[in-house]
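Data first, discussion second: the structure below is written as structure tokens.
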Amino acid sequence: DVCFTAATGRSHFAHRLALVGSDAEELRARLAEHGAGGDPVGLYRGHAPATRPKVAFLFTGQGAQYVGMGRELYESEPVFRDALDRCDEILRGELERPLLSVLYPAEGEDSPLDRTAYTQPALFALEYALVQLWKSRGVEPAFVAGHSVGEYVAACVAGVLGLEDALRLIAARGRLMEALPEGGAMAALFTEEARVRALVEPRSGRVSVAAVNGPTETVISGEAEAVEEIVSLLSAEGVEHRRLVVSHAFHSPLLEPMLEEFERVASAVEYREPTLGILSNVTGRLAKGEELRSADYWRRHTREAVRFADTVQSLWELGVRVFVEVGPSATLLGMGRRIAPEGEGAWAPSLRKGRGERETFASAVASVWTAGVGVDWEAVLGRRRRVELPTYPFQRRPYWMEAPRPRAAVGPRRGGGLLGERIESPGLNGALVWQTELSTDAQPHLADHRIYGAVVVSGAQYLAMAAAAAADVLGGDAVELREVAFHQPIVLEEGETRHVQLVLSPAEGDGRRRFEVYARAGEGEWTLHATGFVAPAAPGEPEQVEGVDAVRARCTGEQEGEAFYRAAEEREVHLGPGFRWSRHFWRRDGEALSAMERPEGAAPSLAVPPGLLDACMQLVGVAVPPDPEGRAAVPTAVGTLRVHRRPAGRLWCRGTARREGRDGLAGEVVLMDGEGVPVAELLG
């Protein structure tokens, strides 16, 4: 319960520590050892970067298999078991013996797992099931890559191949390879590729470079005699080598008799555009265009060298810093570490032969989380009871950065309405200043916006003030705000009054004016809270937008407005009557629609009520799945606010959203009248 509460109910800071243990006693002991300055087994620590790191899944190739791989997860993890059962079902028509009996034979029963016809589909199925387990923990890759056989799983996860097509293709590959005469040899030579190729070229019909796994790690494959010749020549020069135990000489001339038939099988497969970044073994680069979507590619992939070293280098250049090996071993991670800058990156194996699988997988989850990757801790820990935890020993005093003073130093005077009183002074050098007071007594709607029990002035208040100032100066309700940033929140204590000034600079050459919103308590320092630009709205009618009916038709998830506001309360975000404009929501991932009506208690405004603007921005959060840590999204900036006309009557609001960076959301919102004509737009 304590772990669940800490993981799902508390902020996850940059400095992170996780402990893995089999039961509460072991966790207590390891915590105590750490607290005493020790470095216990199962402890993971790290520092999360400012932006959530990119994750790459690396899929292990042939040679890593062993009987019983994944058994502990199969018996304990329903998500893993369901995926493996599904693969077993699909392969029933492709294999002579059921997949599960190959992976987990009965006691005393032999397994044909090391026969190529079974090895390749078995590795695929295990790795596919591991992907489903990772996803169930909230960990999703930005990029995928495999080593030889592993690229088939990568292609399936990236959406290039459907699961059934991928399994049938890999089963055919293994079956055709096994039908070839046995023999041939493979050897890993610990020297650079160019040196090896110079010896391979005169023997090109008998031996090939099969893989480039590192700057000084090159694998050759082919006729045993030719392989032995090259090994002997390099050994005489002091080059170390390791002979590989294989059934066939993979990625060599000895595979050529099966290539035509394999290409025919691959021609019957349906290929799709990838939905994730996938790197090609053939090039070692990010696959582009139609590259992976042809039978010819998979023929070349079977015959040509695996450029794994280039793959890891490409992933590093793409910004990947967290590497997860999805397979039965940590083979690829060892090679990857030697390619990446020394000591950098996070490297997490899903399984290790001879080690407890649940503990190994839990350790991998701990490792990626301490590196800054988001994890669904409720899925990891199970649904448990929330308990009271001690608070942090913070002094709870605010330390704001000092902000520049506004150009006009004018004493506080009482003003009314949203903007208050406009101040005239020859010392303002063409700038305009409005001054008012913010308090829950003077402006009761402010009390309708509370976060963690405190009255926090909504960013929409600054938007409404700037829009009102623009309308006052420019005439009419149609205005535009640009590059609005919210720098510091105004948090009002009970009974507190803040003096607020909105400063509007003289017009620039293009007609726009910079605005700044300052506030201070009593005679204290002025603090800058918001900045941006105001400009006249573009002439003419707003562009036509997609009809409400079309949006509703594809947004199939529904929620009553009251249910949404109750859920907000559970996150300790209180939205009172003035902010409850939404009556009903329709949503799908990335998009949401809201039916809106003006509530009683909405604040008056010269242009747009703050509560309405806030309700529009709420839609960005509605358009994405709920935050796994229960956090609420609050706006920090608005690229453009266009107000076309004063809102009235029944309103509709459509929002789109996307994840941005580690913890950010970005979105676009359009507010429409009952006829679907745009009233206002919030972009960026």
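Brief remarks follow.
- Check on Arg580, buried (at least 17 other Cβ atoms within 10 Å of the Cβ), of a type in the set (D, E, K, R) and out of contact with any Leu (no Cβ under 6 Å at 6 or more places or on another chain): yes
- Selection status of Leu199, open to solvent by less than 30 Å² (accessible area, probe 1.4 Å) and over 23 Å from Met258 (Cα atoms): no
- Residues satisfying the stated conditions in the stretch 567-597, i.e. at pLDDT below 90 and among the basic types (Lys, Arg): Arg571
- All of Gly495, Gly509, Gly524 fail the test of being open to solvent by 50 Å² or more (accessible area, probe 1.4 Å), farther than 23 Å from Gly639 by Cα and in a loop (DSSP other than H, G, I, E, B), apart from Gly495.
- When the residues of the stretch 80-113 are filtered to those that are farther than 17 Å from Gly70 by Cα and part of a helix (DSSP H, G or I), the one that is most open to solvent (accessible area, probe 1.4 Å) is Arg92.
- Test result for Ala535, assigned to a strand (DSSP E or B), touching a helix residue (DSSP H, G or I) at 6+ places or on another chain (Cβ under 9 Å), at negative phi and in contact (Cβ under 8 Å) with a residue 60 or more places away in the chain: yes
- The set of residues from the stretch 223-269 being outside any helix (DSSP H, G or I) and either on the phi > 0 side of the Ramachandran plot or in contact with a helix residue (DSSP H, G or I) (Cβ under 6 Å, 6 or more places away or on another chain) (or both) comprises Gly238, His241, Ser247, His248, His251, Val269.
- Selection count, the stretch 181-196, where residues are in a loop (DSSP other than H, G, I, E, B), surrounded by 15 or more Cβ atoms within 10 Å (Cβ to Cβ) and more than 39 Å from the chain's Cα centre (by Cα): 1
- Tally, over the stretch 641-674, of residues that are open to solvent by 50 Å² or more (accessible area, probe 1.4 Å), under 29 Å from Phe13 (Cα atoms) and not in a strand (DSSP E or B): 2
- Subset of the stretch 469-491 (residues that are surrounded by fewer than 20 Cβ atoms within 10 Å (Cβ to Cβ) and not in a loop (DSSP other than H, G, I, E, B)): Asp472, Val473, Leu474, Arg482, Glu483, Ala485, Val491
- Selected residue [open to solvent by 10 Å² or more (accessible area, probe 1.4 Å) and touching a Gly at 6+ places or on another chain (Cβ under 6 Å)] from Val620, Val677: Val620
- Selection within the stretch 295-311 - open to solvent by less than 40 Å² (accessible area, probe 1.4 Å) and either over 17 Å from Val149 (Cβ atoms) or under 30 Å from the mean Cα position of the chain (by Cα) (or both): Ala295, Tyr297, Trp298, His301, Val306, Phe308, Ala309, Thr311
- Taken together, Val551, Val545 contain a single residue that is modelled with pLDDT under 90 and not in a strand (DSSP E or B), which is Val545.
- Test for Leu123: is it of a type outside the set (Gly, Ala, Ser), crowded, with 17+ Cβ neighbours inside 10 Å and touching a residue at least 60 places away in the same chain (Cβ under 8 Å): yes
- The set of residues from the stretch 623-637 being modelled with pLDDT of 80 or more, open to solvent by 30 Å² or more (accessible area, probe 1.4 Å) and farther than 24 Å from Gln488 by Cβ comprises just one member, Pro625.
- Arg168 closer than 18 Å to Trp298 by Cβ, open to solvent by 40 Å² or more (accessible area, probe 1.4 Å) and either touching a helix residue (DSSP H, G or I) at 6+ places or on another chain (Cβ under 7 Å) or touching a residue at least 12 places away in the same chain (Cβ under 8 Å) (or both): yes
- Extreme residue, surrounded by the most Cβ atoms within 10 Å (Cβ to Cβ), among residues of the stretch 28-59 that are of a type in the set (A, V, I, L, M, F, W, C) and free of Cβ contacts under 8 Å to residues at least 24 places away in the same chain: Leu31
- Top-ranked residue of the stretch 6-27 - restricted to ones that are out of contact with any Lys or Arg (no Cβ under 7 Å at 6 or more places or on another chain) and hydrophobic (A, V, I, L, M, F, W, C), ranked as most open to solvent (accessible area, probe 1.4 Å): Phe13
- Test: residue in the stretch 601-617 that is surrounded by fewer than 16 Cβ atoms within 10 Å (Cβ to Cβ) and within 19 Å of the chain's Cα centre (by Cα): no
- Residue identified as modelled with pLDDT of 60 or more and assigned to a loop (DSSP other than H, G, I, E, B) among Glu359, Glu388, Glu378: Glu388
- Only one of Gly334, Gly289 that is in a helix (DSSP H, G or I) and surrounded by fewer than 20 Cβ atoms within 10 Å (Cβ to Cβ): Gly334
- Residue list for the stretch 225-275, restricted to those being among the basic types (Lys, Arg) and over 24 Å from Glu290 (Cα atoms): Arg242, Arg243
- Among residues of the stretch 439-468, those that are of a type outside the set (A, V, I, L, M, F, W, C), over 19 Å from Val517 (Cβ atoms) and part of a helix (DSSP H, G or I), counted: 2
- Criterion: over 19 Å from Leu73 (Cβ atoms), in contact (Cβ under 8 Å) with a residue 12 or more places away in the chain and either out of contact with any Ser or Thr (no Cβ under 9 Å at 6 or more places or on another chain) or open to solvent by 70 Å² or more (accessible area, probe 1.4 Å) (or both) - qualifying residue of Glu378, Glu359: Glu378
- Filter result for Glu201 (charged (D, E, K, R) and under 25 Å from Gly336 (Cβ atoms)): no
- Any chance Val503 is farther than 24 Å from Gln618 by Cα and surrounded by fewer than 20 Cβ atoms within 10 Å (Cβ to Cβ): no
- Positions within the stretch 209-250 being farther than 26 Å from Gly284 by Cβ and acidic (Asp, Glu), in sequence order: Glu223, Glu225, Glu228, Glu229, Glu237
- Number of residues in the stretch 132-149 that are of a type in the set (A, V, I, L, M), touching a strand residue (DSSP E or B) at 6+ places or on another chain (Cβ under 7 Å) and open to solvent by less than 10 Å² (accessible area, probe 1.4 Å) equals 3.
The values are calculated or read from the model by the stated rules, or taken from the named source; none is laboratory data. Keep in mind it's a predicted model, so treat the numbers as computed, not measured. Don't worry about glycine lacking a Cβ; one is built from the backbone with ideal geometry, like all the others, and counts go over all protein chains shown. Accessible surface is based on the protein model in full, side chains and every heavy atom, while ligands, DNA and RNA are left aside. Shrake-Rupley method; radii C 1.70, N 1.55, O 1.52, S 1.80 Å.
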